[in-house]
Amino acid sequence: MPQQQLSPEEFGLYITTTVLSGISVACSLYLWVSIKMLLSQDIRIANQKFVLLSVHVFWMAFSDMGFALTFFAFYLPMLVKNDQNFWDNPGTAEYHICTGLAVAAQFFQMLAFSWYAMICWVLWRVLNGAEYFDIGESVCAQKTFVFIVSTLTVGLALISKYAGWFDVESFPSDIGYVGCWSSITRYFFYSALFIYMTLALFLFIYSWTKLYKIAGEVTPTMCRILLYVFVFWMVWIWPALERISEMVSGSAPVWLIYAHQIFMAMSGTANFAVWRFSRLFEMAEQFKRSYNSQSMLSQRFQTDNQSAKNSRPLANVNTLLLGTESV
């Protein structure tokens with residue numbers, strides 16, 4: 001295709017998305033490295049209550065970073081070349097790279113979604129009396145689930161494309177539409193997204209109902225669960241609404257496309273803000289300082305094991321989300 005200069009609307013959308021994606025890459029990388037440095041193997045063994053941070057948030061940050069990198073790599077060349085058709089020349093290397101970026105974006109998004117779903121599952125288990133040691137024993141199964149779901153979602157999309165199960169949805173009238181990026185279906189992707197959003201909403205209603213019955217008031221733990229669910233919905237409700245709008249009317253409003261792109265590009269930054277400044281992260285820092293100064297691995301493990309066995313579900317959730325804060 002001949003070069004087509006970006007319109008002012010496209011240029012504004014692309015540069016905003018590129019900048020926010022770059023910030024998400026930096027934030028996700030910082031969170032990922034921070035957890036890696038903070039929670040060494042000895043510390044993870046000594047205190048298994050950090051499993052949510054050392055496994056779930058760790059790999060969710062990695063997934064966010066991978067997704068943000070695909071967004072950054074997709075939009076930057078179009079900005080540099082000022083060419084809307086930079087990628088969209090079928091049969092060229094650029095076109096195949098673009099398709100590869102689209103597949104990688106779906107895969108990393110599904111990884112991030114699935115790790116979020118595992119966090120919801122962990123919170124549900126803890127609310128029902130499970131201990132951190134029980135959660136830690138199922139980490140391998142959780143990793144397997146996340147990988148299989150993500151691979152299956154992308155694999156079905158690719159099989160659908162080449163087997164011709166149904167036409168790939170395309171909406172060329174929308175601002176910023178690039179054919180190669182939309183060359184594989186997203187039906188499976190959005191089906192999984194709606195399931196995960198429903199799961200998050202269920203967790204919110206269930207946890208607030210149970211914790212309010214225990215505490216008799218709105219506690220900091222309940223507010224943090226609300227924050228988790230709110231951030232997830234805030235980021236991903238716009239892509240879901242855009243897809244519904246496109247399927248119903250054949251196009252989406254410009255403002256909804258902007259919201260889709262901007263909030264998706266911010267997903268890594270949003271998760272960074274939630275977890276890096278959480279009481280759980282602060283508690284891990286405090287434990288590491290104490291562990292390094294005292295070097296009492298065996299005693300610390302026995303103490304944590306006994307306290308976890310004697311705790312109520314509310315206490316478990318408090319520790320999981322807010323450290324030692326009492327409610």
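Of note:
- The fewest-to-most ranking of 231, 254 by surrounding Cβ atoms within 10 Å reads 254, 231.
- Calculated on alpha-carbon atoms, Rg and Dmax of segment 237-287 in Å: 16.8, 54
- The chymotrypsin sites (Phe, Trp or Tyr not before Pro) of segment 197-293 meeting both criteria, a DSSP state outside H, G, I, E and B (loop) and at most 14 other C-beta atoms within 10 angstrom of the site's C-beta, are 277.
- Both numbers refer to the Cα atoms of segment 46-99; Rg and Dmax are 17.9, 55 Å.
- Fewest-first ranking of 81, 288, 213, using other Cβ atoms within 10 Å as the exposure measure: 213, 81, 288
- The label-point distance for residue 3 and residue 163, in a model that sets each label 7 Å from Cα toward Cβ, rounds to 4.3 nm.
- Cβ crowding within 10 Å, taken as a proxy for footprinting-reagent exposure, orders 37, 234 from fewest neighbours to most as 37, 234.
No lab work stands behind these numbers, since they all come straight from the coordinates. All figures in this text were calculated on a predicted structure; none of them were measured in a lab. Note that we place each Cβ from the backbone using ideal geometry, even for glycine, and neighbour counts take in every protein chain shown.
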